[in-house]
Amino acid sequence: LRRSLTILPAFLLIPLFNMNRFLNLFIKGGSQHEIDIDPSEDRDVHNIIHKFNPHISFDEEEELKGKKILKEFGIPENAKFVCLIVRDSAYLDRYKNQTLRDFSYHNYRDGDIDNFLPAAEELAKRGYYVFRMGVKVHKPLKSSNTKIIDYANSKMRSDFMDIYLGANCTFCISTSCGIDAIVTVFRKPIAYIYMPFGHMQVQCENDLLMTKHHFNKKNKKKLTVSEIFSSNVALSFRSEEYRNNNIELQENTPEEIKELVIEMDERISGSWKETQEDLLLQKKFWYIFENNMQKLQLSSANYGLKTRAKFSANFLRNNQDWIQ
């Protein structure tokens, strides 16, 4: 980052930041010198990211280092590989004793790595290597397939390779967490699963989206798109908000996940066959989604975003009653 950005030390910037905040109480205009880091503002509101190449890159020495480590993993030169990111609570649980914080408030975002194994096996059949990402995880990704690498539990895992893999993967499968920002920075496609429904990343045209199933705990009924919004959980970031509204989230099945990655692979390779029904289902879904967002005064237009991503075609085909 320092090769592309001027980065100054915190001991200098924090006093300047506080001074700017103070002066802004009396002189208008100071806020334009701040960059908002609120998660809801972490969006490409000017719709320009797809128009430019990445602004950061690896130098020759770093490239040689990355390729050498890939070779040590048994990855042939120019082989295709995918990053698999499945969030669980192990990463943040490491800090419980240090911070005295309970991070379970967003465990609704967690996923079971076992549900992703069929998708990983399918990708291996299609010629990909699969790197299961992570620093600290609850359980291993168990597979005898040499193309499926439990990198999160590997002794060769490093911060450098986290960045290198994210920058050079063919695409990424993510349950939406911090590390997939690397993939976006380097303009690689992402198949997103499990993200908060109303906060889906819609701006990148090569991304695919899918959500968990939402159920009403009282009547065990699966909620439609509109009912997710009317149940006050479409924009929820905390597990307690789902509990308070009697909503239960159920993970996507291994088959749904496998279908999503097949669609991603085929869209990237150009072999995906999109039917007229698929186009109509996409149009219907996004119309209902946007209409409900507008009721909350939070439409993509209000964010300044243009919807470019696609929702999982197979999910829409198999859940047509959900699109209401």
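List the GluC sites (Glu not before Pro) in the range 195-250 that DSSP assigns to loop (not H, G, I, E or B) and whose Cβ has at most 15 other Cβ atoms within 10 Å. Which are they?
Numbers: sites: 205, 227, 240, 241, 248; in loops: 205.
Taking the range 195-250 and a limit of 15 other Cβ atoms within 10 Å, the loop GluC sites (Glu not before Pro) found are 205.
Starting from the amide H of residue 213, placed 1.01 Å from N in the peptide plane, find each other amide H under 5 Å away whose residue is 5 or more places distant or on another chain.
Amide H neighbours of residue 213: 250, 252.
Output the relative contact order of the chain, whole-number percent, from Cα pairs under 8 angstrom with separation of 6+ residues.
Details: 436 pairs, mean separation 56.9, N = 324.
Once divided by the residue count of the chain, the mean separation gives 18 percent.
Which one of 313, 26, 181 is farthest out on the positive end of the charge dipole of the chain, using unit charges on Cβ (Lys, Arg +1; Asp, Glu -1) and the Cα centre as origin?
So the residue furthest toward the plus end is 26.
Pull up the DSSP beta bridges for the chain and report the antiparallel fraction as a percent, rounded to 5. Working shown, then result.
On the way: 5 of 23 bridges.
Within the chain, antiparallel bridges account for around 20 percent of the total.
When the label point is put 7 Å from the Cα of residue 126 along its Cα-to-beta-carbon vector, which residues of the range 183-200 have a backbone N closer than 16 Å?
Backbone N within reach: 189-193.
If you plug each phi of the range 57-62 into the Karplus form 6.51 cos²θ - 1.76 cosθ + 1.60 with θ = phi - 60°, what whole-Hz ³J(HN,Hα) values come out, in order, with x for Gly and Pro?
With the stated coefficients, the range 57-62 comes to 7, 8, 7, 4, 5, 5 Hz.
Taking 7 Å along the Cα-to-C-beta vector as the label spot, tell me the residue 53-residue 22 distance in nanometres, rounded to one decimal.
4.5
Give me the count of lysine pairs in the range 200-298 whose alpha carbons sit under 23 angstrom apart, restricted to pairs 8 or more positions apart or on different chains.
Final tally of qualifying lysine pairs is 17.
May I ask you to compute the full-extension gain from residue 107 to residue 77, defined as 0.36 nm times their residue separation minus their alpha-carbon distance, rounded to one decimal in nm? Kindly include the intermediate steps, with their values, before the conclusion.
Working: separation 30, 0.36 × 30 = 10.80 nm, distance 3.80 nm.
Taking 0.36 nm per residue and subtracting the Cα distance, the gain is 7.0 nm.
For residue 281, tell me the accessible area in Å² from a 1.4 Å probe, rounded to the nearest 10.
20
Just the number, please: carbon plus sulfur as a percent of the accessible area of the chain, 1.4 Å probe, no ligands or DNA/RNA counted. Intermediate results must be reported in sequence, preceding the final value.
Details: 9440 of 18120 Å².
Heavy-atom surface of the chain belonging to carbon and sulfur, 1.4 Å probe: 52 percent.
To the nearest 0.05, how large is the calculated FRET efficiency for residue 262 and residue 93 if R₀ is 25 Å and r is the Cβ-Cβ distance?
Working: r = 33 Å, r/R0 = 1.32.
About 0.15, to the nearest 0.05.
So for 138, 33, 50, what's the accessible-area order with a 1.4 Å probe, most first?
On the way: 138 120, 33 140, 50 80 Å².
So, going from the largest accessible area down, we get 33, 138, 50.
Per residue, how large is the accessible surface of the chain? Use a 1.4 angstrom probe and give square angstrom.
Numbers: 18120 Å² over 324 residues.
Spelled out: the 1.4 Å probe surface of the chain, per residue, equals 56 Å².
Enumerate the lysines that residue 68 could reach by cross-link, defined here as Cα to Cα under 28 Å, with residues fewer than 8 away along the same chain left out.
Of all the lysines, those that pass the test against residue 68 - Cα under 28 Å, at least 8 places apart if same chain - are 80, 125, 136, 139, 142, 147, 155, 188.
Quick check: Cα centre of the range 212-273 to Cα centre of the range 154-176, how many Å?
25
How much accessible area does residue 93 have with a 1.4 Å probe, in Å² rounded to the nearest 10?
It works out to around 50 Å².
Give the share of C-alpha pairs in each 5 angstrom bin for the range 188-324, from 0 to the last occupied bin, in whole percents, shortest bins first.
So the P(r) values, bin by bin, are 2, 9, 20, 23, 22, 15, 7, 2, 0.
Could you point to the label whose value was computed as semi-axes √(5λ) of the Cα gyration tensor in Å for the structure here, given (1) 30, 29, 21; (2) 63, 21, 14; (3) 32, 22, 18?
(1)
Which FRET efficiency value, to the nearest 0.05, is calculated for residue 280 and residue 306 with the Förster distance at 25 angstrom and r the Cβ-Cβ distance? Walk me through the numbers before you get to the answer.
Values: r = 20 Å, r/R0 = 0.82.
With a Förster radius of 25 Å, E is 0.75.
The values are calculated or read from the model by the stated rules, or taken from the named source; none is laboratory data. Owing to the predicted nature of the structure, the values given are computational and were not obtained by experimental measurement. Cβ atoms come from the backbone with ideal geometry, glycine included; neighbour counts cover every protein chain shown. Each accessible area value is taken on the protein alone, full model and side chains, heavy atoms only, with ligands, DNA and RNA left out. Shrake-Rupley method; radii C 1.70, N 1.55, O 1.52, S 1.80 Å.
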